[in-house]
Amino acid sequence: MANPWRGDVALMINGQPQTMRLTLGALAELEDNLEAGSLVELVQRFESSQFTSRDVLALLAAGLAGGRCDLPADELEHAQIEGGPMAAARAAAELLARAFVVPGA
């Protein structure tokens, strides 16, 4: 079960519930994989709705790694996500928000 106080975000991938989380290690890996250069730039892109599908995939992959899911990144690109691309984008944005904001604050 996803715990928002811990930064968890739930998403159904290939018919299986997954709990994602941006741990410090996942955030560091995400920074390495970003073309933007910083997490601040990534947050700004999501806040202004200027994010790309690559941003969404990178966030989901980092969240899955932080949540200790063993779904490889290349399989994520072809995975069936319940709710489609919009649900994936919402989950990615929620991962970012939960990594930096206390729920209910």
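The values are calculated or read from the model by the stated rules, or taken from the named source; none is laboratory data. All figures in this text were calculated on a predicted structure; none of them were measured in a lab. When we count neighbours, we look across all protein chains shown, and the Cβ atoms used for this are built from the backbone with ideal geometry, even at glycine. What goes into the accessible areas is simple: the full protein's heavy atoms, side chains included, and nothing from ligands, DNA or RNA. Shrake-Rupley method; radii C 1.70, N 1.55, O 1.52, S 1.80 Å.
The simple spin-label model puts a point 7 Å past each Cα toward its Cβ; for MET12 and GLU75 those points are separated by 1.9 nm. Built from the Cα atoms of the range 28-105, the convex hull projects on average onto 5.5 nm², one quarter of its surface area.
Cα centroid separation, the range 78-101 to the range 1-34: 9 Å. Using a probe radius of 1.4 angstrom, the carbon and sulfur fraction of the accessible surface of the chain is 52%.
What whole-number value in Å² describes the accessible area per residue of the range 16-105 for a 1.4 Å probe?
With all protein chains present, the range 16-105 gives 60 Å² per residue.
Where only DSSP H runs of four or more residues are counted, the chain gives -15500 deg cm²/dmol as its mean residue ellipticity at 222 nm, each run worth -39500 (n - 2.57).
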